1. Residue by residue through the stretch 46-72, note down the ones that are touching a Gly at 6+ places or on another chain (Cβ under 6 Å) and not polar (S, T, N, Q).
2. Of the residues Arg81, Arg85, Arg101, which single one is of a type in the set (Lys, Arg) and farther than 16 Å from Ile29 by Cβ?
3. Can you tell me which residue is modelled with the highest pLDDT among those in the stretch 23-75 that are surrounded by fewer than 18 Cβ atoms within 10 Å (Cβ to Cβ), aliphatic (A, V, I, L, M) and assigned to a helix (DSSP H, G or I)?
4. Please verify whether Asp86 is among the acidic types (Asp, Glu), over 22 Å from Lys17 (Cβ atoms), assigned to a helix (DSSP H, G or I) and at pLDDT 95 or above, treating the condition exactly as stated.
5. Collect the residues in the stretch 1-60 that are within 21 Å of the chain's Cα centre (by Cα) and β-branched (Val, Ile, Thr), keeping them in residue-number order.
6. Scan the stretch 1-56 residue by residue and report those that are under 29 Å from Leu102 (Cα atoms), out of contact with any strand residue (DSSP E or B) (no Cβ under 7 Å at 6 or more places or on another chain), of a type in the set (D, E, K, R) and free of Cβ contacts under 8 Å to residues at least 24 places away in the same chain.
7. Of everything in the stretch 4-22, what is acidic (Asp, Glu) and in a strand (DSSP E or B)? Give them in sequence order.
Amino acid sequence: MALTRDQILGIVDRKQKVVDVPEWGGEVIIKEMSGADRAEYMASIIKFETNEKGEVVAEPDPANGDAKLLSYCLIDEDGNRLFTRDDIEALGAKNGEVLERLANEALNLNAIDKEAVDDAKGESEPTQNSDSI
């Protein structure tokens, strides 16, 4: 039997994970992003600029990448996001090791390959293809 619109929209299909953060003296809740949040996050790590030829090109925007991701994924017990875009700089000022550890948890929970994020931010190593041998 095919699902109806109301059935699909009524399904709670995003996981959450509680992660201990001893450096902050407690726990945080990381959630799976919605499709809209995921697309917005991925767009936030790329900026579009016009080059000297007048062409629009995508450039990586790695600034506060972990904080950007966590602003979409850290929630309170009621499911509300803890941080907004306005908080990204302040969140990015926290312990980098903690941010990276939590960001890796968020990447895993959201099934986002870290290599894809690094590619989008321009941080991956170039791969060698058969034409370059």
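The values are calculated or read from the model by the stated rules, or taken from the named source; none is laboratory data. All values derive from a computational prediction rather than experimental measurement. Reconstructed Cβ throughout: ideal geometry from the backbone, glycine too, with neighbour counts over all protein chains shown.
1. Passing the criteria: Pro60, Ala67.
2. Arg85
3. Within the stretch 23-75, the match that is modelled with the highest pLDDT is Ala36.
4. yes
5. Answer for the stretch 1-60, where residues must be within 21 Å of the chain's Cα centre (by Cα) and β-branched (Val, Ile, Thr): Val12, Val18, Val19, Val21, Val28, Ile29, Ile30, Ile45, Ile46.
6. Residue satisfying the conditions is Asp13 alone.
7. Asp20
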